[in-house]
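For reference, the structure I am asking about is given below.
The values are calculated or read from the model by the stated rules, or taken from the named source; none is laboratory data. Here the structure is a predicted model, which means the values were calculated and not measured. Note: ideal-geometry Cβ built from the backbone for every residue, glycine included; neighbour counts use all protein chains shown. What goes into the accessible areas is simple: the full protein's heavy atoms, side chains included, and nothing from ligands, DNA or RNA. Shrake-Rupley method; radii C 1.70, N 1.55, O 1.52, S 1.80 Å.
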Amino acid sequence: KIINSIRKFLDDKQFLEVETPILQPLYGGANARPFVTHHNTLDQTLYMRIADELYLKRLIIGGFEKVYEISKNFRNEGMDRNHNPEFTMLEFYCAYMDYEDCMDLVENLIKNAAKEVNALVINVDGREVDLNMTFHRKKFMELLTEKLGYDFNDISEDQLKVICHEKEIELEDNANFGQMLDALMGELVEPSLIEPTFVIDYPKVISPLAKMHRNGDPNLVERFELFIGGSEFANSFSELNDPM
């Protein structure tokens, strides 16, 4: 019912449903390790897709201005209650939309699907979450500042390392500025985002392929991630389309 409602919602908005290759000679569209297979006839290594993004963008470039795919994706990585090696994902693209348009569309899509299955109010670990509310929109840096009390708009890499150490955040060796920000957000902020919340305006260092923020701040991009019940439900950004 949820998938049917998503399909009808997008069809009614004149999106075109498409199918793109599952076996790909080059994988991309996400940061993940693929499953590897071999095509006997072509004697070629192929990868099971980790995302639909690159092929859907080809369609946008080719003049199909609204496309979507509800697909199986495959990521050869760890497993937990939020991650499965094989999973269903909706991915859609629309020419001339920016991240604000996309937030409106995603919010309405989720509310429509929840209404379809009579689940506008859901229970998450004993807490009621109202999906019919106006989803919050909160800035990445402001959420970190609110949580930790530091001004993250004006902080050095060394200071960030100290904070991560104080908060016992596990970091990869030689973690850079962006990776440390991302780790703090993932460990300390995201699990507390129970009500539907768009985290917006990400640091450019985390999202280099997103468009620079229209407010002129060279350190920010127009990106959002949606969290409900402490889990990520959506990710999007105004596409970087300046060829230079």
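May I ask you to list the residues in segment 169-180 that are in contact with a strand residue (DSSP E or B) (Cβ under 9 Å, 6 or more places away or on another chain) and open to solvent by 20 Å² or more (accessible area, probe 1.4 Å)?
F177, the sole residue that qualifies.
For segment 22-43, give me each residue that is under 27 Å from I60 (Cβ atoms) and open to solvent by 50 Å² or more (accessible area, probe 1.4 Å).
The answer is I22, L23, P25, L26, Y27, N31, R33, F35.
Moving on to the next point. Among the residues of segment 30-44, are any within 19 Å of S236 (Cβ to Cβ), free of Cβ contacts under 8 Å to residues at least 24 places away in the same chain, part of a helix (DSSP H, G or I) and not basic (K, R)?
Taking every residue of segment 30-44 in turn, none turns out to be within 19 Å of S236 (Cβ to Cβ), free of Cβ contacts under 8 Å to residues at least 24 places away in the same chain, part of a helix (DSSP H, G or I) and not basic (K, R).
Could you tell me whether any residue of segment 125-132 is in contact with a Phe, Trp or Tyr (Cβ under 7 Å, 6 or more places away or on another chain) and either closer than 25 Å to K1 by Cβ or polar (S, T, N, Q) (or both)?
Scanning segment 125-132 turns up no residue that is in contact with a Phe, Trp or Tyr (Cβ under 7 Å, 6 or more places away or on another chain) and either closer than 25 Å to K1 by Cβ or polar (S, T, N, Q) (or both).
Restricting the search to segment 83-110, which residues are in contact with a Lys or Arg (Cβ under 8 Å, 6 or more places away or on another chain), open to solvent by 70 Å² or more (accessible area, probe 1.4 Å) and without any contact (Cβ under 8 Å) to a residue 60 or more places away in the chain?
Residues satisfying the conditions are H83, E86.
If we keep just the residues of segment 11-20 that are open to solvent by 50 Å² or more (accessible area, probe 1.4 Å) and either in a loop (DSSP other than H, G, I, E, B) or of a type outside the set (D, E) (or both), which is nearest to Y55 (Cα to Cα)?
E19
Moving on. Pairs only if they're at least six apart or on different chains, beta carbon under 6 angstrom, first in segment 155-168 and surrounded by 10 or more Cβ atoms within 10 Å (Cβ to Cβ), second assigned to a helix (DSSP H, G or I) and among the aromatic types (F, W, Y); list them, first residue then second.
Between residues of segment 155-168 that are surrounded by 10 or more Cβ atoms within 10 Å (Cβ to Cβ) and residues that are assigned to a helix (DSSP H, G or I) and among the aromatic types (F, W, Y), the close pairs are E157/F177.
When the residues of segment 111-131 are narrowed to those that are part of a loop (DSSP other than H, G, I, E, B) and open to solvent by less than 90 Å² (accessible area, probe 1.4 Å), which ends up nearest to L188 (Cα to Cα)?
Only one residue tops the list, namely G126.
I'm checking my understanding of the structure. Among residues of segment 50-81 that are part of a loop (DSSP other than H, G, I, E, B) and in contact with a Gly (Cβ under 8 Å, 6 or more places away or on another chain), which one is surrounded by the most Cβ atoms within 10 Å (Cβ to Cβ)?
D52
Starting from segment 60-82, keep only residues that are closer than 24 Å to L46 by Cβ and aromatic (F, W, Y), then list their pairs with residues that are open to solvent by 60 Å² or more (accessible area, probe 1.4 Å) and assigned to a loop (DSSP other than H, G, I, E, B) whose Cβ atoms are within a distance under 9 Å, requiring at least 6 positions of separation or different chains.
Pairs that qualify, where the first residue is closer than 24 Å to L46 by Cβ and aromatic (F, W, Y) and the partner is open to solvent by 60 Å² or more (accessible area, probe 1.4 Å) and assigned to a loop (DSSP other than H, G, I, E, B), are F74/I22; F74/F35.
Just name the residue that is farthest from A113 (Cα to Cα) out of those in segment 203-242 that are open to solvent by 20 Å² or more (accessible area, probe 1.4 Å) and among the aromatic types (F, W, Y).
F237
If I ask for residues that are within 20 Å of K138 (Cα to Cα) and out of contact with any Asp or Glu (no Cβ under 9 Å at 6 or more places or on another chain), which ones from segment 169-192 would you list?
Selection gives G178, L181, D182, L184, M185, G186, L188, P191, S192.
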